[in-house]
Amino acid sequence: MNLPSQPVKGYYEIGVTFVNHRIKARVFNGESFNELLNRLFYIFSWQKETNLFALQMHNNDKLCYNVEELNPEAFYQLIIVDNEEDKNLVAPFQGDNAADQNDDPGSTRSKKGTSGARNRSYHGFSISQCYYKAKRPKDLPKILTCPFLSCLKEFSETGNLKTHMRTHTGERPFICPHEDCRKGFITKGHLNTHSLIHSGEKPYACDFPECNKSYSRSGRLKIHQRTHTGEKPYICPFRGCAKKFTEKGNLKTHLRIHSGEKPYFCDFENCNKSFTTQGHLTDHKRRHSGERPYK
């Protein structure tokens with residue numbers, strides 16, 4: 001970041017929430033939105049990577065991506081813009097131009113704790129003077145919001161929010177230890193469930209009389225038990241269609257009959273056919289390959 005030759009004394013404060021942080025941050029006269037973002041990333045120990053960001057007031061759809069639009073003493077949520085229309089709007093205000101990036105403060109906790117970080121100056125102020133923690137009013141519930149604009153789901157616990165965010169980032173920190181597998185999972189619980197495939201263990205047994213079925217996942221057992229009870233909780237919403245299903249996936253497949261969607265495409269040369277299910281596509285591709293598995 002290029003610092004002015006003389007300290008800029010004019011500034012105002014805005015509130016910013018991000019994941020489980022709630023702070024009051026200084027916005028200096030003359031700085032760009034990109035400079036403000038860089039400082040916020042450093043304070044929140046967050047890697048910008050290739051994401052685009054904006055500020056948004058709670059219960060307000062308007063995105064702020066220019067410091068001139070910020071209201072002093074207002075509280076904003078720092079959000080990750082992940083839809084193409086809004087990306088095109090915010091991108092010009094946070095480009096990787098050299099003027100905003102020359103003194104990038106970084107965004108890791110290890111750097112934040114060093115003496116060099118504490119003494120770093122921003123418009124004549126040290127990093128510790130650029131913000132302070134803001135307390136949540138006692139009459140407000142503890143709500144943590146997913147920072148992705150397309151989501152904005154709310155959580156009451158930090159751990160649940162951070163686990164949820166992996167569905168957006170693609171992070172899969174729990175890796176199957178089997179050499180021929182190495183699949184990654186969002187939670188340890190998902191990994192433990194997956195491991196039952198390798199062990200062959202099926203701890204979830206049906207308790208209906210004369211049924212000896214068992215499953216590796218509780219969800220599969222619940223679906224199976226509907227064959228005994230006759231329950232079909234997933235109902236087609238189209239008028240005139242009374243179809244019901246035991247599984248959500250079966251309803252999703254059925255809805256393609258109404259919508260005409262055929263997401264499974266044949267990849268054989270000069271064949272442009274598509275199908276509503278993976279099974280139908282597999283059967284079709286056997287016509288090309290000549291495979292006859294059921295003789």
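Checking each residue in the range 179-203 for being surrounded by fewer than 12 Cβ atoms within 10 Å (Cβ to Cβ) and within 28 Å of the chain's Cα centre (by Cα) picks out Arg182, Lys188, Gly189, Asn192.
Yes or no, residue by residue, for (1) under 14 Å from Thr277 (Cβ atoms); (2) without any contact (Cβ under 8 Å) to a residue 12 or more places away in the chain; (3) exposed (fewer than 13 other Cβ atoms within 10 Å of the Cβ):
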residue: Thr227; (1), (2), (3): no, no, no
residue: Pro233; (1), (2), (3): no, no, yes
residue: Ala242; (1), (2), (3): no, yes, yes
residue: Glu247; (1), (2), (3): yes, no, no
residue: Asn250; (1), (2), (3): yes, no, no
residue: His254; (1), (2), (3): yes, no, no
residue: Ser259; (1), (2), (3): yes, yes, yes
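Restricting the first member to the range 68-88 and to residues that are in the same structural domain as Gln56 (by TED's automatic domain parsing), and the second to residues that are surrounded by 15 or more Cβ atoms within 10 Å (Cβ to Cβ) and in a helix (DSSP H, G or I), the beta-carbon pairs closer than 7 Å and six or more apart or on different chains are Leu78/Leu40; Val81/Val90. When Cys206, Cys176 are checked against the criterion of being touching a residue at least 12 places away in the same chain (Cβ under 8 Å), surrounded by 12 or more Cβ atoms within 10 Å (Cβ to Cβ) and closer than 30 Å to Asn51 by Cβ, a single residue qualifies: Cys176.
Among the residues of the range 217-276, which ones are farther than 28 Å from Ile197 by Cβ and of a type in the set (A, V, I, L, M, F, W, C)? Within the range 217-276, Ile235, Cys236, Phe238, Cys241, Ala242, Leu255, Ile257, Phe265, Cys266, Phe268, Cys271 qualify.
Looking at the range 149-166 only, could you name the residues that are of a type in the set (Ser, Thr, Tyr) and farther than 13 Å from Ile80 by Cβ? Within the range 149-166, Ser156, Thr158, Thr163 meet the criteria. Within the range 35-54, the residues that satisfy the criterion of being touching a residue at least 40 places away in the same chain (Cβ under 8 Å) and either assigned to a loop (DSSP other than H, G, I, E, B) or within 16 Å of Asp86 (Cα to Cα) (or both) are Ser45, Trp46, Gln47, Lys48, Leu52, Phe53, Ala54. Just one of (1) farther than 24 Å from His190 by Cβ; (2) in the same structural domain as His190 (by TED's automatic domain parsing) fails for Ser214. It is (1).
The values are calculated or read from the model by the stated rules, or taken from the named source; none is laboratory data. What you are looking at is a predicted structure, and each value in this text was computed from that prediction instead of being measured. Cβ atoms come from the backbone with ideal geometry, glycine included; neighbour counts cover every protein chain shown.
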